[in-house]
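*Asks:* Shown below is the structure under consideration.
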Amino acid sequence: MDAKNWIDIDIERVYPLDHFVVPQHYEKDIESILIPHGMIKDRINKLAKLIVNEIPDDPIPNLVVCCVLKGGHQYFADLVDEIKRCHTSKGKSIKLSLEFLKVKSYENDQSTGDVRISLSDKELEEFRGKNLLIVEDIIDTGRTMVKLLKRLEEFGPNSIKVTSLLIKKTPHSNGYIPHYVGFAIPDAFVVGYALDYNEHFRDLDHIAVISEHGKKAYAV
Ligand code: HPA
Ligand code: MG
């Protein structure tokens, strides 16, 4: 995929809440809709095709799709649904296995560059020789993903590709760019489509900008 092959979302081009349906329980807690649910789904339809086009041409094309929980689960579910409907350029369907992991960064211990992955070494050994597709909700600083990739590479997969629905345009970025990106978003805190603020808003379909009221209401 070409660099910067994504949809750039401008903070000036947001949608007022009353243009879309939002759950009543969040009406005061979001300021605007950044990416409507329908547009997310359409974009995933295209991302699935881009991903399938680059799957290695094995006798049975295959992927181990790894969901980075919890924020990645909705993108993962919708992406997997689309990939299942796709065929390679040679007309073959794709054999998928699904994996789920949580990642915790040791933010206070930059020197080791470690991440803790919620899979044992024995489970990670299963990745040896496989074609991995890591599915993430958002790349912010990029630090967690760089560390995760370093750890996964220790287990000798045949290939690792990363897709993130969102990449944040932030000065704190380490420059990491996934292979397949849905949207580049402004440096604002976004919620919805499984992205959370203190575990709230995962049940909102659209991707939205949280309001001051919402930040206060769900602060911990
Ligand atoms: N929203 C939710 N989770 C996040 C964000 C965000 O904007 N950035 C990093 N994790
Ligand atoms: Mg995430």
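*Asks:* Expected output is a single nm value to one decimal: the length gained when fully extending between residue 128 and residue 70, i.e. 0.36 nm times separation in residues minus the C-alpha distance. What is it?
*Replies:* 18.4 nm
*Asks:* In nm, to one decimal, how far is the modelled label at residue 49 from the one at residue 187, with both set 7 Å along Cα→Cβ?
*Replies:* 3.5 nm
*Asks:* Oh, and also: If one puts a single equal scatterer on every Cα of the chain and applies the Debye formula without solvent, what log₁₀ I(q)/I(0) results at q = 0.14, 0.18 Å⁻¹?
*Replies:* With no solvent term, the Cα-only Debye profile gives -0.90, -1.37.
*Asks:* Take the Cα gyration tensor of the stretch 108-220, multiply each eigenvalue by 5, square-root it, and list the three semi-axes largest first, rounded to whole angstrom.
*Replies:* For the stretch 108-220, the semi-axes come out at 29, 15, 15 Å.
*Asks:* Pull out the extension gain between residue 57 and residue 20, defined as 0.36 nm times the separation in residues minus the alpha carbon to alpha carbon distance; nm, one decimal.
*Replies:* On the way: separation 37, 0.36 × 37 = 13.32 nm, distance 4.22 nm.
Gain on extension, residue 57 to residue 20, equals 9.1 nm.
*Asks:* Sticking with this structure for a sec: How charged is the neighbourhood of residue 39? Take every other residue with its Cβ under 12 Å from the Cβ of residue 39, and add Lys/Arg as +1 and Asp/Glu as -1.
*Replies:* +2
*Asks:* Would you mind telling me the antiparallel percentage of the DSSP bridges in the chain, rounded to 5? Display every interim value, and only then the final one.
*Replies:* Numbers: 12 of 39 bridges.
Within the chain, antiparallel bridges account for around 30 percent of the total.
*Asks:* What net charge is computed for the residues neighbouring residue 214, neighbours being all others with C-beta under 11 Å from the C-beta of residue 214, Lys and Arg scored +1, Asp and Glu -1?
*Replies:* In short, -1.
*Asks:* In nanometres, what is the gap between the two model label sites at residue 121 and residue 92, each 7 Å from Cα along Cα-to-Cβ?
*Replies:* 3.4 nm
*Asks:* Given Cα pairs under 8 Å that are at least 6 residues apart, what percent is the relative contact order of the chain?
*Replies:* 26 percent
*Asks:* Ignoring ligands, DNA and RNA, what percent of the 1.4 Å accessible area of the chain is carbon and sulfur?
*Replies:* Taking all protein chains in place, the chain shows 49 percent carbon and sulfur surface.
*Asks:* Using helices alone, what [θ] at 222 nm do you get for the chain, with -39,500 (n - 2.57) per DSSP H run of 4 or more residues, divided over all residues and rounded to the nearest 500?
*Replies:* Calculated from helices alone, the mean residue ellipticity at 222 nm is -7000 deg cm²/dmol.
*Asks:* Quick one: helix 73-85 against the long Cα principal axis of the chain, what's the angle to the nearest 10°, folded into 0 to 90?
*Replies:* 50 degrees
*Asks:* A further question on this structure: Please list, in chain and number order, the residues 5+ apart from residue 69 or on another chain whose amide H is under 5 Å from its amide H, with Hs placed from the backbone.
*Replies:* 101, 102, 103
*Asks:* Can I ask one more? Counting heavy atoms of the protein chains only and a 1.4 Å probe, report the per residue accessible area for the stretch 38-185 as a whole number of Å².
*Replies:* Roughly 49 Å² per residue, with all protein chains present.
The values are calculated or read from the model by the stated rules, or taken from the named source; none is laboratory data. What you are looking at is a predicted structure, and each value in this text was computed from that prediction instead of being measured. With ideal geometry, Cβ positions are generated from the backbone for all residues, glycine too; neighbour counts draw on all protein chains shown. Note: areas computed on protein heavy atoms with side chains; ligands, DNA, RNA excluded. Shrake-Rupley method; radii C 1.70, N 1.55, O 1.52, S 1.80 Å.
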